[in-house]
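Below you'll find the structure, written out as structure tokens, and then a few comments.
The values are calculated or read from the model by the stated rules, or taken from the named source; none is laboratory data. From a predicted model like this one, the values you see are computed outputs, not experimental measurements. We place every Cβ from the backbone using ideal geometry, glycine too, and count neighbours over all the protein chains shown.
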Amino acid sequence: MKGRWLKLYAWFAYGFLYLPILILMLLSFNASRTSSVWKGFTLDWYVKLLSNDLLWEAVRNSLVVAVSAAALSTVLGTMTALALNRNRIPGRMLVEGLLYLPLILPDIVLGVGALVLFTALGIKLGLGTILAAHVGTSISYVVMVLRARLADMDQNLEDAARDLGATPWQTIRYVTLPLLAPAILAGGLLAFTLSLDDFILSFFTAGPGATTLPLRIYGMVKTGLTPEVNALSTVLLLLTGLATYLYQRLTKNGDKA
Amino acid sequence: MQNRWGRALTALVLATTVLAGCSSGEKKSDIPAVTKDPKVDSAKLTKELNVFNWTEYLPESVITDFEELYGVKVNYDTYSSNEEMHAKLKAGGSGYDIVVPEIYMIKVLQREGLLEKLDKANIPNLANLDSQFKGLPHDPQNDYSIPYMWGTTSIVINTEKIKPEEVKTWADLWKPEFKDRLVMPDDARETIAIALRVDGQSINTTDKAALDKAKERLLALKPNVKAFNNDSPKDLLLGGEVWGGVVWSGEAALVIRESDKFQYVIPPEGVTLWIDNMAIPKGAPNKYTAEVFLNYLLTPEVSARLSEEYPYGNPNKGALKYIPETDKKNPAIFPAAESLKKAESLDDLGDEMNQIYDQIWTEIKG
Amino acid sequence: MTPGPATSRPSPWKGWAILAPGVLWLLALVAAPLVLMLLYSLASRLAAGSPWPEGFSGEHYIRLIDPLYFKIFVRSIFQASLAALFSLALGYPLAYYIARSPLAKRDRLLLLVIIPFWTNFLVRTYAWMVMLRAQGVVNSLLMATGLISEPLPLLYNEVAVQVGLVYTLMPLLILPLYANLEKMDQRLLDAASDLGATPSAAFWSVTWPLSRPGVLLGCMMVFISAFGMYLVPDLMGGARSIMVGNLIQNQFLQARNWPFGAAAALALTAIVLGLALLVQRWGRLDGQGVRR
């Protein structure tokens, strides 16, 4: 009996999570500039979206930063996770503490911190500074994903490789990395979406011509709730759904000997 | 999997290029287009220009036209207050080529050595400025700044919700029936000025006691304030979130254009009269291109398009012939000289005083 | 992650060689900024015409205790705590439902939580603005059904901020809580019911205590995110709902008072780190504590 109430509640909870987003998607087809009352179906806002050059520029900026951030974070994160795994590291506690900071500190502290750093060093703000800030905060997440996978990973395979005479480097290259591949991809995808979705870090470290998509959306929302934002939101929602599905597929794959 | 991605991507790219040609549905302007200025030295133009301007102050079409005429990519960022722009410039390394501060902020920037001297040989259209805006005391030779647009900051009301008789003076804003119904500028100097006016003080006072009193007054006004908004108070007004408030004259004019139930009120105690100016920050990476852009903005047809979209006062005498009669009669855009008798302009009060104003403002907003 | 035999392990310096790049990046972009901010917060003001601070003064920390600013911290803690509690109340049953669902369905149910969570934060905040504003969905519906004649002022106040916080942060609690609930040993519950416990008693005496680590972690993450939040109060809050995040932004990007902004940011950091330490201690004790 409790099961039925719980199921009903689950529906309600999912409804709470999805209703505003779905309404937003619905309104993106509404032929009315300001009202939420349905005035007819239209694709105008999507057309306007496609011809909005500033928006596409922001999309391009966001993608460039996100791909670069994902690549850098993944490389650095993988190296860090491997180094911490089953090695004697003097000063391990400090490293762990350092890795812990970006996970626990609010983004705004990391954001103003980065601004202070770049300004004090006289570094010009732009896409580069946004990228640096994104990588700095994503490494910890990649490490987290990899360590979860390393913990589950069957150590015997690595030991077997070494017993068969493989050097540590060969072990890593031919055994560990292939086994970690899904987690590395998942970590990369995580870093990618974190960068794409980031607002506050970009807010403080952006310079002229370095507007990312969230910053552009913020500007659009602040200067008038145009229905173009509804259309844009719909597109982003669908893309996110796809990325999320991909991520789950990647993290699900277990050891396949 | 790769194939599907590839196809989807191709489809998206095709859709973009096809539909990009479609009209975005923007209103076509009656003002004639501008052609390329033959005197511009294309060899000296750089590939990019970084412009930092107020929100809702420069139409996108003006920017894209410039980009097409001169092959320059314009990066356009916006700010909501003089202080915000100042904060970015002070931090250094901002990389902006053009900023648009109000006169008092021009004085501050000049004092701090943050402005470049303009090469007026590249800006012959300076001659188009109306004589009223030439030889202004802060920069009589236009060595550092060029007037961009001017206006007032005053009260706008939705007459369906607030009757005109109810709001005649600044003090009326404090009426308890306006609880949670007003929008105020998110601007330290402008909003503190309102309280100072109620006390009969100058908006440039340095008297600490008067300022403390103004702070108390504003804290008492807070229950009536729904939001502090510089970016787009017109949306709050048109959307019915607020019934009235204090806004820039251009915002009021836009709101009045949309619906005649709005009215711009100029109280007898006076309003703030301001002139925003174009300037080039020190160390701007694209100075020549910036000067070409300034010259472009001073052509009558371009200037007219500025005030066509954002109806502020236009200092360009060549542009006046393009401004419609309805705008010329709109008191929000061209207020009667009578109503401006007690208008005051903001002044630079020095670093220490500015910090005190900042502090008061932080305390009010908290 | 047990260390292997010392003979075949690479030297610790080799480990550090691989560790170095990542650690250096973190030092540069996380640790160094914190140190710099400390320096700024203890300065009097920014030097004229330069981004470097000058002077030495504790005035900014003293100013934080002033009731006007202290009030902002209190309000933020209040909003954040409420957000954590609401997220717990709304999210726990959902996490429990997913954890108890058949294995095949679980992935899909989880995916349905992750999708809104990974959707752009701005979009989700904006969605509620569309719902709550004067011409928004809720008001339009209420007016269409004739229940009200004037739109209700639902947006630009503290309640709107709370709604925005819970909506955007709830998945942050559901996910770690689910991870915890999923690992729970079903047999304990079976044992409880075999011993005659009602489902409700079994829940409170078995499930709830065992899920405490997940609850603590989830609540902490919601609290910290809400406490330092800038976007939700900025977009959905009004003149009287600003939180610590807005104060910090204001000091850095408008008031040009970087020392004070840095002090506020570090105060925020201290509170967050303190809370994290507390939760870790508390969680550990209970993990080894007596099961009732």
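Quick notes on this one:
Residues are listed down the side, and each one gets a yes or a no for (1) at pLDDT below 90; (2) not assigned by TED's automatic domain parsing to the domain that holds residue B:115:
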{"site": "B:291", "(1), (2)": "no, no"}
{"site": "B:295", "(1), (2)": "no, no"}
{"site": "B:301", "(1), (2)": "no, no"}
{"site": "B:307", "(1), (2)": "no, no"}
{"site": "B:318", "(1), (2)": "no, no"}
{"site": "B:341", "(1), (2)": "yes, yes"}
{"site": "B:345", "(1), (2)": "no, yes"}
{"site": "B:354", "(1), (2)": "yes, yes"}
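- Taking the criterion of being farther than 16 Å from residue B:95 by Cβ and either in contact with an Asp or Glu (Cβ under 6 Å, 6 or more places away or on another chain) or among the β-branched types (Val, Ile, Thr) (or both), the residues of region A:96-133 that qualify are A:104, A:108, A:109, A:112, A:116.
- Qualifying residue in region C:201-211 (condition: within 27 Å of residue A:113 (Cα to Cα) and either within 21 Å of the chain's Cα centre (by Cα) or touching a residue at least 40 places away in the same chain (Cβ under 8 Å) (or both)): no
- If you check C:255, C:265, C:239, C:270 for being among the hydrophobic types (A, V, I, L, M, F, W, C) and facing chain A (nearest Cβ under 10 Å), only one passes: C:265.
- Selection within region A:130-164 - farther than 14 Å from residue C:26 by Cα and at pLDDT 95 or above: A:130
- Applying a threshold of 7 Å to beta carbon distances and a minimum spacing of six or more residues, or different chains, the list of pairs starting in region A:32-53 at a residue that is under 16 Å from residue B:60 (Cβ atoms) and ending at one that is in a helix (DSSP H, G or I) and of a type outside the set (A, V, I, L, M) reads A:48/A:228; A:49/A:228; A:50/B:16; A:52/A:228.
- Across region A:112-130, the qualifying residues are those that are surrounded by 20 or more Cβ atoms within 10 Å (Cβ to Cβ) and in contact with a Ser or Thr (Cβ under 7 Å, 6 or more places away or on another chain), and the one among them that is nearest to residue C:225 (Cα to Cα) is A:114.
- Taking the criterion of being assigned to a helix (DSSP H, G or I) and over 18 Å from residue B:263 (Cβ atoms), the residues of region B:172-193 that qualify are B:174, B:176, B:188, B:189, B:190, B:191, B:192, B:193.
- Number of residues in region B:106-130 that are in a helix (DSSP H, G or I) and in contact (Cβ under 8 Å) with a residue 40 or more places away in the chain equals 10.
- Scanning region A:135-160 for residues that are under 30 Å from residue B:96 (Cα atoms) and more than 8 Å from chain C (Cβ to nearest Cβ) turns up just one, A:138.
- Note on region C:49-79: among residues that are without any contact (Cβ under 8 Å) to a residue 12 or more places away in the chain and in contact with a strand residue (DSSP E or B) (Cβ under 9 Å, 6 or more places away or on another chain), the one that is nearest to residue B:109 (Cα to Cα) is C:52.
- The test for being under 30 Å from residue A:36 (Cα atoms) and either crowded, with 16+ Cβ neighbours inside 10 Å or within 12 Å of chain B (Cβ to nearest Cβ) (or both) does not hold for residue A:193.
Let's see how each residue does on (1) without any contact (Cβ under 8 Å) to a residue 24 or more places away in the chain; (2) in contact with a Leu (Cβ under 9 Å, 6 or more places away or on another chain); (3) exposed (fewer than 14 other Cβ atoms within 10 Å of the Cβ):
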position	(1), (2), (3)
B:139	no, no, no
B:164	no, no, yes
B:171	no, no, no
B:183	no, yes, no
B:186	no, no, no
B:189	no, yes, no
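- Any hit, region B:279-288, residues being over 23 Å from residue B:48 (Cα atoms), touching a residue at least 60 places away in the same chain (Cβ under 8 Å) and not polar (S, T, N, Q): no
- Any helices (runs of 4 or more DSSP H) falling wholly within region A:22-134 and containing at least 3 residues that are more than 9 Å from every other protein chain (Cβ to nearest Cβ): A:53-84, A:92-104
- Top-ranked residue in region A:198-242 [being at the interface with another protein chain (Cβ under 7 Å from one of its Cβ atoms) and closer than 22 Å to residue A:182 by Cβ; ranked as surrounded by the most Cβ atoms within 10 Å (Cβ to Cβ)]: A:240
- Residues that are at positive phi and surrounded by 14 or more Cβ atoms within 10 Å (Cβ to Cβ), drawn from region A:150-170: none
- Residues in region B:222-255 that are without any contact (Cβ under 8 Å) to a residue 60 or more places away in the chain and basic (Lys, Arg): B:226, B:234.
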